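This report concerns only the one structure given below.
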Amino acid sequence: MAQTTNDIKNGSVLNLDGQLWTVTKFQHVKPGKGPAFVRTTIKNVLTGKIVDKTFNAGMKMDFETVDNRNLQYSYEDGESYVFMDMTTYDQVNIPRDLVGDQSKYLLEGTDCIVSFHDGTPLSVELPASVILTVTSTEPGVQGNRANAGTKPATVETGAEIQVPLFVGEGEKVKVDTRDGSYLGRENN
């Protein structure tokens, strides 16, 4: 069964002119006049280049199959991160640039979803939030202010995040891995 632009979803991998592109956003548009079309934002799997592209609705497309596997982060090894497949216990090296800025929230033992195409890793997806320990922060001083204040804090992975004034060193906090925002304290 041939696939068309109507089958596009977030995370779909398309083969355009011999290059693999991942769909990050899509929108089916049916204007009052003229034919329907699909507006997409796609990211080149190898280079990371992001492009907005529009396709006619119903156009035949080459979709690639992607294997998503649950892997657990083990350790950093030079220019790559080592993940372990918990079913086969195989170790997989993922290049540093594929993990990108997410590495600031990558803690040993974190379960991630890694996408593969023909054995080549395409992307690493961390959980939506992680629990990290605050290693250093200034003591919070309450003053006359209308809203709750924040202060910088460094967590165990070395990332710097903004936390409320009442958070102290040694406390565990929940952090959003997409933008590094503070989500709350974690009770032990």
Which lysines, on any chain, are close to residue 60 with Cα under 21 Å apart, when same-chain ones fewer than 8 places away are left out? 9, 25, 30, 43
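Using just the helices of the chain, give the 222 nm mean residue ellipticity in deg cm²/dmol: DSSP H runs with n ≥ 4 each add -39,500 (n - 2.57), and the total is spread over all residues, rounded to 500. Please list the in-between numbers first.
Details: 1 runs with 4 residues, N = 188.
After summing the helix terms and dividing by the residues of the chain, the value is -500 deg cm²/dmol.
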At residue 30 and residue 79, where each label point lies 7 Å from the Cα along Cα→Cβ, what is the point-to-point distance in nanometres? 5.0 nm
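Tell me the per residue accessible area of the chain using a 1.4 Å probe; a whole number in Å² is fine.
Values: 11620 Å² over 188 residues.
In whole numbers, the chain has 62 Å² accessible per residue.
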Selected from 71, 54, 12, residue furthest toward positive end of dipole (the chain; charges at beta carbon): 54
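Expressed as a whole percentage, what fraction of the accessible surface of region 49-166 belongs to carbon and sulfur atoms when a 1.4 Å probe is rolled over the protein heavy atoms?
46 percent
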Taking the highest mean first, how do the peptides 25-32, 90-97, 36-43 order by number of other beta carbon atoms within 10 angstrom per residue? 36-43, 90-97, 25-32
Listed residue (159, 41, 98) projecting farthest to the positive dipole end of the chain, Cβ model: 41
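Treating the beta-carbon of each Lys and Arg as +1 and of each Asp and Glu as -1, no other charges, what is the dipole magnitude of region 66-125 about its Cα centre, to the nearest 20 debye? All intermediate terms of the calculation are to be shown ahead of the outcome.
Details: 3 positive and 12 negative charges, 19 e Å.
Value, rounded to 20: 80 debye.
What is the dipole size for the chain, taken about its Cα centre, with +1 at each Lys and Arg Cβ and -1 at each Asp and Glu Cβ, in debye to the nearest 20?
Roughly 1200 debye, rounded to the nearest 20.
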From the list (1) 10.5; (2) 12.7; (3) 16.0, can you say which value of mean projected area of the Cα convex hull in nm² was derived from the structure given? (3)
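The values are calculated or read from the model by the stated rules, or taken from the named source; none is laboratory data. Treat the numbers as computed from the prediction; the structure is a model and nothing was measured. Note: ideal-geometry Cβ built from the backbone for every residue, glycine included; neighbour counts use all protein chains shown. The protein model used for the area step is the full one, side chains on, heavy atoms only, and it has no ligands, DNA or RNA in it. Shrake-Rupley method; radii C 1.70, N 1.55, O 1.52, S 1.80 Å.
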